Amino acid sequence: MTLTANSHLAELYRTMRRIRTFEERVGELFVRGQSAGSMLHLSIGEESSAAGVCAEMKPQDSFTTHHRGHGIFLARGADPKRMMAEIGGKESGYCHGKGGSMHIADMALGHLGANAIVGGGIPAVVGAGLSSKYLKQDSVSVAFFGDGAMQQGILYESMNMAALWGLPVLFVCINNQYGMGTRIDQATRNTAFDQRARAFGLNGVVVNGLDVEEVRDAARWLIDEARAGKPGFLSVEVYRFFGHARMDKSPYRAEAEETEGRKKDPVLFARAKLIESGLESEAALDALDREIAAEMDATIDFTVESQAPALSSMFRDVYAVGEPEPESVRARIDRVLAREIV
Amino acid sequence: MPVEILMPALSPTMEEGTLSKWLKNEGDKVTSGDVIAEIETDKATMEVEAVDEGVIGKILVAAGTENVKVNTAIAVLLQDGESADAAAPKADAPKADAETPAATADNTGGKAREAAAETPVAAKVPAAPKVDVAADPDIPAGTEMVPTTVREALRDAMAEEMRRDPDVFVMGEEVAEYQGAYKITQGLLQEFGDRRVVDTPITEHGFAGVGVGAAMAGLKPIVEFMTFNFAMQAIDQIINSAAKTLYMSGGQMGAPIVFRGPNGAAARVGAQHSQDYAAWYSQIPGLKVIQPYTAADAKGLLKAAIRDPNPIIFLENEILYGQTFDVPKLDDFVLPIGKARVHRKGSDVTIVSWGIGMTYVVKALAELEKDGIDAEVIDLRTIRPMDLPTVVESVKKTGRLVTVEEGYPQSSVGDFIANRVQQEAFDYLDAPVITIAGKDVPMPYAANLEKLALPNVGEVVQAVKAVCYK
């Protein structure tokens, strides 16, 4: 099938559908007997934040994500096979199986790392922004994080320095309403997060994540401003469709709430908008969905067929260069018992 | 009775300072609280106030005099009817009393204030007398040596590397306009400008993370912590981000960054400002940990650290900053990280120390020599990666080992060394290994308790004698 060439919304839909299908496949790794970690955080229901913001980033721009970052990396152009292989702990993964779902990184795509400490990846984009200004590069750095990080001090330390030094930085809060099992209104009194950013001298915008085009438009303005030296903050209001992680069945929220929340589906909303506006036919979108399903099915096969990292790789990359590998425990015990001369 | 106005001490660590300016002249009337002079120390500018009414009889130390010892009489204050001649200046200045400098400062009304507005850029920082150190095999024989303080050596190392590599920059609290809280970055702002010498807000967690991000993005930051005690705020960024990124990313990207600043106890600053973090950071794979003692090592290793592609913890010490050592006059003096220096060759016992710990060992040596004990002293210089082979080889020769550090005793660096030595040289040991560390308490404030909490020369001598069965 071919999508209408000038249909930007169709491209955004494609990105969101790829994210959703990829994440639906993540759970299948277990079914296929792969030893993927149990800490897998899905962003289903939140795809508009990744797709809308990343569409406005340029190739030279960099970013960090939180632990729920599969979608953002995909939207920035990641190879889903290498992502899935990383989640499966395979040598062919982005980090050769050493990082996993929560620590994926790729220099080539400007991914300065997923960081699994809430708020931990935020100051790095200020550093990247400082670097951009220092080296007179025309690049913006974007931090993606959840509403949980809105209560972390490091965010405000980072915002303060970004504003103080006029750095090309954008802070993106994906407000999925829950920090693990705690609803946002039980974590803070004032949920108008844009006020906090403006108080530090940043541009601040809150946008409804149901419509990816609204997210894209807000991101466009904020990124343009950031590139010109005024950092910004964007809160994308979405709903986390599923639990915090794979094993979480969300006993802390009512079924009625979940049913209502899942109606705010940015993927279905964009699909309906495409059809209603006459930009795409239902049949074309069905075909696209099937194409994406096949692409993501292949990521599972790729992962299953990939090798686990060699045991000999364990001590590799602890240090950049010139570090001798520590001797193995076995060798050391042998040597100690033999009372060998060093 | 004429009253002597003494050179005040701003802090318990201050030994001398520069009398930069007289604000009153001989013959001027002063009343209590009048500012009569200004002095400069390595940290700040200080006003000297009159504590009594009277007339400035004689100025004993001229404006601009450097290295004026604490408690030296700098002027004589005459009471009604007294003459300047009656107040004969003493031939010898009273010696500084290490136990009571704070009281002296109070007596003279010395008052600290921010140095930023007052300290000229070129203000010379006073230096303690030079300490002699055995020749380092990494320094070519015949190299001209220049007496240099640890403070100057650190500054020179940064300046040289910043001249060499435009991607190197320094950031931290008070590093630019203030010239460094301990004047380590003195003059760097003037030479390199505010693009490369960056004052940060008081936001350790934040600027440590900014440094890590800048390193990931291609720069080579030197992040100064005003003290490593404040780096507790930043430890997530140091360990979870800086140390682990290279590994987690499968070798794609690391963080070439130096975190440096004073570590451990200074004097009389209490528990929150007096902790030695060598053992903490030395536990972390991905970090390199350097803790130099001499000015030469400080310079050569800091230059190496700045060039190293890994995150480095560079632990300095406030008390060592003012100490003078010979530094080789070489265009590019870089020392290897991870290599110990044999400070003194000997055959009876091995003493291993590093950083400030070496000061106790060096003082103990004189006493041990009197007792006929020929100690081999190894200055580790780098805690991680640790040069254990040098230690083990020495223990095989001497059969005895004592380690000396200021950190807490449980899970100390010395404990690690002792464990490795008993594994690697069990058959060679003639006595149990003794590890000397700080006492197992938060640092007390009172001078006598603080002294008790730190290791001391007597403990080192006693331990060495014990393992030598003497």
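Some notes on this structure:
So that you can scan it fast, the table gives a plain yes or no per residue for (1) within 14 Å of chain A (Cβ to nearest Cβ); (2) crowded, with 19+ Cβ neighbours inside 10 Å; (3) over 26 Å from the mean Cα position of the chain (by Cα):
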residue: B:Glu369; (1), (2), (3): no, no, yes
residue: B:Asp374; (1), (2), (3): no, no, yes
residue: B:Asp379; (1), (2), (3): no, yes, no
residue: B:Ile383; (1), (2), (3): no, yes, no
residue: B:Thr390; (1), (2), (3): yes, no, no
residue: B:Lys397; (1), (2), (3): yes, no, yes
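- Residue in region A:19-42 that is most open to solvent (accessible area, probe 1.4 Å), counting only those that are polar (S, T, N, Q) and in a loop (DSSP other than H, G, I, E, B): A:Ser35
- Residue check for B:Gly172: in contact with an Asp or Glu (Cβ under 9 Å, 6 or more places away or on another chain), at positive phi and not β-branched (Val, Ile, Thr): yes
- The residue that is farthest from B:Val392 (Cα to Cα), counting only those in region B:410-428 that are touching a helix residue (DSSP H, G or I) at 6+ places or on another chain (Cβ under 7 Å) and not in a helix (DSSP H, G or I), is B:Ser411.
- Taken together, B:Val413, B:Val391, B:Val421 contain a single residue that is of a type outside the set (S, T, N, Q), in contact with an Asp or Glu (Cβ under 6 Å, 6 or more places away or on another chain) and on the phi < 0 side of the Ramachandran plot, which is B:Val413.
- Residues that are buried (at least 18 other Cβ atoms within 10 Å of the Cβ) and more than 37 Å from the chain's Cα centre (by Cα), drawn from region B:26-81: B:Val30, B:Gly54, B:Val55, B:Ile56, B:Gly57, B:Leu78
- Filtered residue count, region B:177-217, keeping only those that are farther than 26 Å from B:Ser241 by Cα, within 12 Å of chain A (Cβ to nearest Cβ) and open to solvent by less than 20 Å² (accessible area, probe 1.4 Å): 0
- Taking region B:8-33 as the range and being modelled with pLDDT of 85 or more, part of a loop (DSSP other than H, G, I, E, B) and not polar (S, T, N, Q) as the test, the residues that pass are B:Leu23, B:Lys24, B:Glu26, B:Gly27, B:Asp28.
- Those helices (runs of 4 or more DSSP H) of region B:97-194 in which 2 or more residues are at pLDDT 95 or above occupy B:150-164, B:188-192.
- The residues on offer are A:Gly52, A:Gly45, and the sole one that is more than 11 Å from chain B (Cβ to nearest Cβ), touching a residue at least 60 places away in the same chain (Cβ under 8 Å), part of a helix (DSSP H, G or I) and open to solvent by less than 10 Å² (accessible area, probe 1.4 Å) is A:Gly52.
- Of the residues A:Lys98, A:Lys81, the single one that is at the interface with chain B (Cβ under 8 Å from one of its Cβ atoms), in contact (Cβ under 8 Å) with a residue 60 or more places away in the chain and of a type in the set (Lys, Arg) is A:Lys98.
- Members of region A:197-229 that are under 23 Å from the mean Cα position of the chain (by Cα), surrounded by fewer than 20 Cβ atoms within 10 Å (Cβ to Cβ) and among the charged types (D, E, K, R): A:Asp211, A:Glu213, A:Glu214, A:Asp217, A:Arg220, A:Asp224, A:Glu225, A:Arg227
- All of (1) within 14 Å of chain A (Cβ to nearest Cβ); (2) closer than 22 Å to B:Gln291 by Cα; (3) in a loop (DSSP other than H, G, I, E, B) hold for B:Met232 with one exception: (3).
- So A:Gly127, is it free of Cβ contacts under 8 Å to residues at least 24 places away in the same chain and either open to solvent by 10 Å² or more (accessible area, probe 1.4 Å) or within 9 Å of another protein chain (Cβ to nearest Cβ) (or both): yes
The values are calculated or read from the model by the stated rules, or taken from the named source; none is laboratory data. Everything quoted here is computed from the prediction, not taken from an experiment. Here the Cβ is made from the backbone with ideal geometry for all residues, glycine too, and neighbour counts use every protein chain on show. Calculation scope for accessible area: heavy atoms of the full protein, side chains included, ligands and nucleic acids excluded. Shrake-Rupley method; radii C 1.70, N 1.55, O 1.52, S 1.80 Å.
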